[in-house]
Amino acid sequence: MTSVLHGRQLARLLGRWDAGRGIPDYVALATAVRGLLNDGRLALGLRLPAERELATALGISRTTVTAGYRLLRESGHVTSRRGAGSWTTMPGGARVGAAGIWSPSTTPDMIDLGRAALDAPPELTVAAAEALTDLPRYLGDAGYHPVGLIELRTAVADGYTRRGLPTSPEQIMITSGVQNALDLAVRLLVPVGQPVLVESPTYPNALVGFAARRSRMLTYGLDDAGWDGELLLDNLRQNRPRVAYLIPEFQNPTGHLMPQPLRERLPAAAHSAGTDLIIDESFVDLALDVEEMPLPVASFDRHARVLTIGGMSKTYWGGLRIGWVRAAAPVVQRLAAVRVGVDMSGPVLDQLVAARLLAHASSVVEARRVRLRRQRDVLMAALRERLPEWRFRVPAGGVTLWLELDAPISSPLCRAVERYGIRLAPGPRFGMDGTMERFLRMPFTLPERDLLEAVDRMVEARGDLDAPYPRGYDTPALVA
Ligand SMILES: Cc1ncc(COP(=O)(O)O)c(C=O)c1O
């Protein structure tokens, strides 16, 4: 089934395109559509509106649209078949595989900006020592707790209740990190081959997870300001995906925070479309400049359509491997039944450490925010000074900047910068189909001196890309 893009939807996505600004309108139209495709805001395989319909929606002549579509066909961004219409493609049929990132071992002075995560807080060792004193209480039975230890489930449930979403421990299941929570949710909710809607850009390992379950991927493109509510709700109504996976709090990689009015409308729209929402709250604690956080999406759920996943990797430590699902109690029971076929149960000691660590939440969270704010500001100042042609919005929270580069060079830049000992995740990792080459995710989780060093080396690598004989690229490496 090909999704259809209506004229008014494309007109809305195009926003203020460059009609009437010196270049012919049909060239401006083709350039604007190409831009949407390259940035991942227009999915591939979408059927474009009929020429007459788009001409009416844009208030231009049909001849202009015909000429614009012809240019797009010539550049490989549109394919047409008589009788079947025109749909979006990429030149050369480019697609990026959804394989996970696996990098070979890191050299000692490698600055790894491929991971958007912090080191462990000092409170962790204290919590670990405290947890050892709790352990004997659990040693008298076999140690299998598929939904998790009651004290941790209670602590997590209390966290939701404090955020304005009353929650009981029966609604919580503890998982091995957020990734495990997502995997279990997908196993439960998405039969193989069913459509799943994801934001574009989005968290790459979620794409890997969906691909592993052979889901059919549909994308919804975020814009400069985040979610366009009308387009997102339209997308749900039209495509009726089995599941929509969204990251409303400090979205990875863009850092956007979904405003409350859209949160209020989402669950009902999803219910009408027969869609379940998987809401990933990995970064929810890391508000940096937000006066009042909007309520969780699940607060507006009247039909048990929302399954919220969250965890401790971003605020506390990824090495703990503690995540969770918040859902209706019967759904938690069904997830536990699925889990038996995956990893049975989580480690008892780690859950005790997590429960103890959550008791230190306010000091950990406050210190994280202070540090992240400082690191973000240092990084932004260095980028503005050294790479002024790159653009970004100041994220109100989370741990990443989403940089718009001066050209579609994200992958070559990441390869070039690796020679200077910096690892970065290029824009296309966060999209499907080879789009997003104009973007780069830069986390601000490392200490300031590393961030400054990284910017210095990126300036050099950027210069290399413009050199007539780029360093090292003229001689292919010999593999013998
Ligand atoms: C949005 C999002 N979800 C899930 C995860 C995975 O979290 P965990 O390490 O707890 O599995 C990450 C980690 O980067 C993430 O950014």
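The values are calculated or read from the model by the stated rules, or taken from the named source; none is laboratory data. Bear in mind the structure is a predicted one, so any value in this text is a computation, not a measurement. Ideal geometry is used to build each Cβ from the backbone, glycine not excepted, and the neighbour counts take in all protein chains shown. Each accessible area value is taken on the protein alone, full model and side chains, heavy atoms only, with ligands, DNA and RNA left out. Shrake-Rupley method; radii C 1.70, N 1.55, O 1.52, S 1.80 Å.
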The orientation-averaged projected area of the Cα convex hull of the chain, in nm², is 25.7 nm²
With Rg from the Cα atoms and Rh as the Kirkwood inverse mean 1/r over Cα pairs, region 129-241 has an Rg/Rh of 1.09
Whole-percent carbon and sulfur contribution to the accessible surface of the chain (1.4 Å, no ligands, DNA or RNA) stands at 54 percent
Debye calc, one equal point scatterer per Cα of region 7-93, no solvent, log10 I(q)/I(0) at q = 0.19, 0.24 1/Å comes to -0.79, -1.34
The answer for trypsin sites (Lys or Arg not before Pro) in region 194-239 that fall in a DSSP coil and have at most 12 neighbouring Cβ atoms within 10 Å is ARG214
Quick shape summary for region 123-360, equivalent ellipsoid via Cα gyration tensor, semi-axes whole Å in descending order, reads 30, 20, 15
Once phi for every residue in region 237-242 is put through the Karplus expression 6.51 cos²θ - 1.76 cosθ + 1.60 (θ = phi - 60°), the whole-Hz ³J(HN,Hα) values, with Gly and Pro written as x, are 4, 7, 8, 6, x, 5
In whole Å, largest first, the alpha carbons of region 199-332 cover along the principal axes 39, 35, 29
Cα-based Rg and Dmax for region 257-309, in Å, come out at 11.6, 36
For the chain, dividing by residue count, accessible area per residue (probe 1.4 Å) in Å² works out to 44 Å²
Within region 337-420, DSSP-loop GluC sites (Glu not before Pro) with at most 12 other C-beta atoms within 10 Å are GLU389
